[in-house]
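Take a look at the structure set out below.
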Amino acid sequence: MTDPSDARVAVVLITHNGWPRLARTLRHLTTLPERPPVVVVDNASTDGTTEALRRDFPAVQVIALPDNRGAGGRNVGVAAVRTPYVAFAEDDSWYEPGALATATELLDAHPEIALINAHVLVGEDRRVEPLHADMLETPLPADRDDLPGHRILSFLEGASVIRRSAFMAAGGFDRRFPIGGPEEHLAADLLAHGWELRYVPEVIARHVPDHKAPSPAVRRMGVRNALWFAWERRPVMQALRWTAHVLRTSPANAATARGLADALRGLPRLRSRRRPLPPHVEADMQLLDESKMRSGARSYRS
């Protein structure tokens, strides 16, 4: 067993005007038996979050950014730590006692794994995160029996433990995608470099949001980001099919229309940035695409 005091994993979370839900999260994280270092990257809050953090949680490292970088703020947090592993959290999510020790032991034992997605229990009533069903039912080729959990092609940004060296080599989160599904590009880059991504039900995280649905702005960026990923990383015909699926499964509202317009405005720049996925990753992505298209599953998370 890993010594609980052996700080091989740090927690990095981002926030923007997140007080007091952030205080609740930190009460959980700072009392974990693993005693991980905790870094909070404040994305230009205007509600006094930074001052409250430094007053009430002096042991937590606070990095105050001058602008809101969304998921890109995690890049700053990861650069600030030196532990081999980093656990990501949101200002409304945390890990249960023992979860980080379990993840650390698995990453130590399996150097081919870059990232472990935790099993997320949502709300005070501990509902299972619905996206886990997709992770279990992903129609990928025969899995490896010697690795823990289940093979996945993407992950939940605020409930995953990542190998820091893999994160840095992949370039971290793309700053073009601050919200609305920023995980997709990073996951693709990790897979392209030959890493394994795993959903491990034995690693438990909690997510207790104080809101019920994403805002129109988040939904707008979700549409844009899903289209940009297809247009930048997928073969032309598959990108066209996925575009049709995104538009068919998105609500017919202003957020979807604006997301499509945003995506089209960025299309000329995407042509010069195209980085098609390696054939083995693209083959897996197409299997997942076909499954979602048959079921009519929504094309993006937000």
(request) Give me the compactness ratio for segment 216-295, meaning the Cα radius of gyration over 2.2 N^0.38 Å. (result) 1.09
(message) Using a 10 Å cut-off around each Cβ, can you sort M221, M237, M168, M285 from fewest to most neighbouring Cβ atoms?
(response) M237, M168, M285, M221
(request) Out of all DSSP beta bridges with both ends in the chain, state the antiparallel percent to the nearest 5. (result) 35
(request) Return the single residue from V40, V76, V128 with maximal mean-square fluctuation; model: Gaussian network over the chain, springs between Cα atoms under 10 Å. (result) V128
(request) Report, in degrees rounded to the nearest 10, the 0 to 90 angle that the Cα long axis of helix 236-249 makes with the longest principal axis of the chain. (result) 70
(message) Can you tell me the length gained on complete extension of the stretch R248 to A52, counting 0.36 nm per residue apart and subtracting the Cα distance?
(response) 66.1 nm
(request) Give me T46, T15 ranked fewest to most by other Cβ atoms within 10 Å of their Cβ, as a rough exposure proxy. (result) T46, T15
(request) Kindly write out, for segment 182-193 in residue order, the coupling ³J(HN,Hα) from the Karplus curve 6.51 cos²θ - 1.76 cosθ + 1.60 (θ = phi - 60°), rounded to whole Hz, with x marking Gly and Pro. (result) x, 6, 4, 5, 5, 4, 4, 5, 5, 5, 5, 8
(request) For Cα extents along the principal axes in Å, several values are listed as (i) 63, 39, 37; (ii) 52, 47, 39; (iii) 55, 44, 40; flag the one computed from this structure. (result) (ii)
(message) Quick check: the angle from helix 279-295's long axis to the longest principal axis of the chain, C-alpha only, nearest 10 degrees?
(response) 80
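No lab work stands behind these numbers, since they all come straight from the coordinates. These figures come from a predicted structure and were not determined experimentally. Quick reminder, even Gly has a Cβ in these numbers, built from the backbone with ideal geometry, and neighbours come from all protein chains shown.
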